[in-house]
Amino acid sequence: MTLTELRYLVALAREKHFGRAADVCNVSQPTLSAAIKKLEDHLGMTLFERRPREVRVTAEAEPIINQAQRVLEQAELLEQMADKQRDQLSAPLRIGAIFTVAPYLFPVIVPKIRKAAPEMPLFIEENYTHVLRGKLERGELDAIIVALPFSGGGLVRAKMYEESFSVLLPANHPWTSQKNIKPDQLLDETLLLLGEGHCFREQVLELCPAIDSHKQKNLVQIEGGSLETLRHMVAGGLGITILPDSALHHNSYSEDTFAVRPFIKPVPMRTIALVWRDSFPRPKAIEVVRQAVPKEGLSR
């Protein structure tokens, strides 16, 4: 069993196709196929179900592949330890963030990261929490930025900042006469809400459990949408929405387009955290990202 075979194994598990996995590994398909068969013979078990257009990981192979990923990471760590001159801030860093954080956090931290580590190529991605989790566990991302709570073994979580939620209203809305908004008031309005899959949606539903498509006739869900889409719809007078404070003021509209009202106490909040694998071998790169986040958070 060799590291090369383990790389082929992990690549095939990720791509689920011999041709694509071979391309990723820069080898011919027969070479990769032969290596996988050799590995299966060595282990005495079938690792993949072969189908005409794809392959599937067998249930018995799941822990084998997870361990192979860890072995590859440890091998990378050994290489770095052997080469004491290697700079942790020169290799690429791949960071992912959830959709409701990325547009507001990345413009703030990326310039600071580039200034602190100018030789470190930076690759960023925005996606759903469950997609980011999978990519982090498979080693496709080095760190992700998500909302807590976030479970999972073998992961390190570091709080970045906290922010409260507020109600975004059209400037002429009757609620502008109020200082605070009660959660149950949301049931009486056309509420614009992100579609399923967004963790921010789930946090809003926790705020007022009665808000859902079955109990509220005026709920408008934006499937696969963004907070900016919600803002545009509020500007068009199509309803109200709830935004995290970091997203309240990032827009090209004039100040008299919207009104913002906080919730009554206890004000709903979320905690944003940086998460990385405990086996990730470049702690200095992680620290550069952590230091790039403003201590006071992103709220204005």
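The values are calculated or read from the model by the stated rules, or taken from the named source; none is laboratory data. Keep in mind that this is a model prediction, so the values were computed, not measured. Backbone-built Cβ (ideal geometry, glycine too); neighbour counts: all protein chains shown.
Among the residues of region 73-80, are any surrounded by 15 or more Cβ atoms within 10 Å (Cβ to Cβ), in contact with a helix residue (DSSP H, G or I) (Cβ under 7 Å, 6 or more places away or on another chain) and outside any loop (DSSP other than H, G, I, E, B)?
No, region 73-80 contains no residue that is surrounded by 15 or more Cβ atoms within 10 Å (Cβ to Cβ), in contact with a helix residue (DSSP H, G or I) (Cβ under 7 Å, 6 or more places away or on another chain) and outside any loop (DSSP other than H, G, I, E, B).
Can you pull out the residues in region 36-48 that are outside any helix (DSSP H, G or I) and either touching a helix residue (DSSP H, G or I) at 6+ places or on another chain (Cβ under 8 Å) or surrounded by 13 or more Cβ atoms within 10 Å (Cβ to Cβ) (or both)? Please lay out each step first, then the result.
Taking region 36-48 as the starting set, the residues that turn out to be outside any helix (DSSP H, G or I) are 44-48.
Hits for region 36-48 are MET45, THR46, LEU47, PHE48.
If you go through region 207-230 one residue at a time, do you hit one that is modelled with pLDDT under 85, touching a Phe, Trp or Tyr at 6+ places or on another chain (Cβ under 8 Å) and polar (S, T, N, Q)?
yes
Taking into account only those residues within region 111-142 that are in contact (Cβ under 8 Å) with a residue 60 or more places away in the chain and of a type in the set (A, V, I, L, M, F, W, C), which is nearest to SER246 (Cα to Cα)?
Only one residue tops the list, namely ILE113.
Does ALA68 qualify as being out of contact with any strand residue (DSSP E or B) (no Cβ under 7 Å at 6 or more places or on another chain) and within 28 Å of LYS284 (Cα to Cα)?
It is true that ALA68 is out of contact with any strand residue (DSSP E or B) (no Cβ under 7 Å at 6 or more places or on another chain) and within 28 Å of LYS284 (Cα to Cα).
Taking GLN74 and the conditions (1) without any contact (Cβ under 8 Å) to a residue 40 or more places away in the chain; (2) within 30 Å of PHE18 (Cα to Cα); (3) polar (S, T, N, Q), which numbered condition does it fall short on, given that it satisfies the others?
Evaluating GLN74 over (1) without any contact (Cβ under 8 Å) to a residue 40 or more places away in the chain; (2) within 30 Å of PHE18 (Cα to Cα); (3) polar (S, T, N, Q) leaves (1) as the failure.
Report the residue count in region 285-300 for those that are of a type outside the set (S, T, N, Q), at pLDDT 70 or above and surrounded by 12 or more Cβ atoms within 10 Å (Cβ to Cβ).
9
Can you confirm whether region 263-277 contains a residue that is surrounded by 17 or more Cβ atoms within 10 Å (Cβ to Cβ) and in a loop (DSSP other than H, G, I, E, B)?
yes
For the subset of region 248-265 comprising residues that are under 12 Å from SER166 (Cα atoms) and out of contact with any Pro (no Cβ under 9 Å at 6 or more places or on another chain), which member is modelled with the lowest pLDDT?
HIS249
Restricting to region 151-210, what's the tally of residues that are surrounded by fewer than 19 Cβ atoms within 10 Å (Cβ to Cβ), among the hydrophobic types (A, V, I, L, M, F, W, C) and closer than 18 Å to ARG133 by Cβ?
Final tally of qualifying residues: 3.
Out of (1) out of contact with any Asp or Glu (no Cβ under 8 Å at 6 or more places or on another chain); (2) modelled with pLDDT of 90 or more, what's the single condition that is false for LYS38?
Only one criterion is unmet by LYS38, namely (1).
Name every residue in region 6-35 that is over 21 Å from GLU137 (Cβ atoms) and in a helix (DSSP H, G or I), in order of residue number.
Within region 6-35, PHE18, GLY19, ALA22, ASP23, GLN29, PRO30, THR31, LEU32, SER33, ALA34, ALA35 qualify.
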